[in-house]
Amino acid sequence: MTFSFYIMRSYATVLLGVFGIVLALVLTIDTLDVLGSIRSERISFLDAVWLSSLRVPDLIVLVFPLIILISSLVFCLTLSGNSEFVISRAMGRPMLLTLLGPLVFSMCIAALVASTIGPLSSRLSDEYSEARARISGSLENRLQVTASGLWLREALADDISVLNAASSFDGGDRLNDVTIFRFSPDGQLLERLEAQNGFLSDGQLLLTDVKLWDFSTLAANPELSAQQRNIMRFPTTLTSEQVLEGRPTPDTLFLWEFPSAIRALETSGSSPLSHQVFFFAQMALPLYYGAMFLLGACFSLQTSRMGKRGLAVMGAISLGFLLFFFQRTVQTFGEAGELPVLVATLSPSLAGFLGGLAWLLRKEDG
């Protein structure tokens, strides 16, 4: 029990150290990038650090499998150099049992990233985009599909509009149950429009069966002055392609939110395939992190007496990057519909995990 606690503490220390180094590097590089991309008179150094701190968690989640790989490599090289694997064998503990605690710990981290940390970091990244737009003085158009339909916020020439449509049809060219709110630059409501249908064409939204409320003038009851129009044109930057692609980003959703998000996409006429692929990829994330840990362990065992530490490090990192990019590539094919969802999400992680486990067992048997 004491030896197992020592192994877990040693791995946690190494993992924390590697994580701290990568975090410092990413934060420094991203802060310099923010300072270089935004004019110095608009942003201070502390604001740049604050902006970077909003985006860095999302970047860290992206590279965390490589952090697991490097941590496993350093941890196992340390144990081999101190002959602690020899001690564990003398105690009657096989190599796999010695590494079982760190392996399970890495897979638990993956479960935490998939369920909580990943979505939170992606939402912080969205806040980064909005904060950056405010500091740089530009307002970005934002499109999102939710359970209540399609929502678009866009900045036009003289005002800001918020558009909502219950659903879309005909490849995104036709919107159903359209509601539009127009605001002045200082946030005052100017108009509200409700239309039965809206048709996108050449930078305009053609509205039919429109009811218009004018709030730009003071009136005791705007309903009394509401106007009915058969057809009305409303300027917009929205396109049918944006309607089809304006789905909620899957990496911002918690695992329990995916069923309702997929149903909302199907209702709005958008394809939920990318969300399904991402959902199953998150479910396979513990296997993926476990595969990274096993790859680092396999290349670093017994290298102290073989004198090939440098070769082991290069081999582990190369194979880890290969698995990293292979997993990303196969997932992309799944999102494009070229591969079944389970094959695109499970096969890279399962192949890496089983391959690392087989290699480790072979080394154990000599």
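Quick look at the values:
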read-out: Taking only Cα atoms of segment 1-123, radius of gyration then Dmax in Å; value: 18.8, 66
read-out: Pairwise FRET efficiency - PHE321 versus LEU206, Cβ, R0 = 45 Å, nearest 0.05; value: 0.35
read-out: Length added when fully stretched, ARG328-LEU32, from 0.36 nm per residue minus Cα-Cα; value: 103.8 nm
read-out: Pairwise FRET efficiency - SER225 versus ALA155, Cβ, R0 = 22 Å, nearest 0.05; value: 0.20
read-out: Length released on extending from ARG233 to ASN82, taking residue separation times 0.36 nm less the Cα-Cα span; value: 46.8 nm
read-out: TRP151 accessible area, 1.4 Å probe, all protein chains in place, Å² to nearest 10; value: 90
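The values are calculated or read from the model by the stated rules, or taken from the named source; none is laboratory data. Only a predicted model underlies this, so the values are computations on that prediction, with no experimental measurement involved. Counting neighbours? That spans all protein chains shown, and the Cβs are built from the backbone with ideal geometry, glycine included. The accessibility values were calculated without ligands, DNA or RNA, using every heavy atom of the protein model including side chains. Shrake-Rupley method; radii C 1.70, N 1.55, O 1.52, S 1.80 Å.
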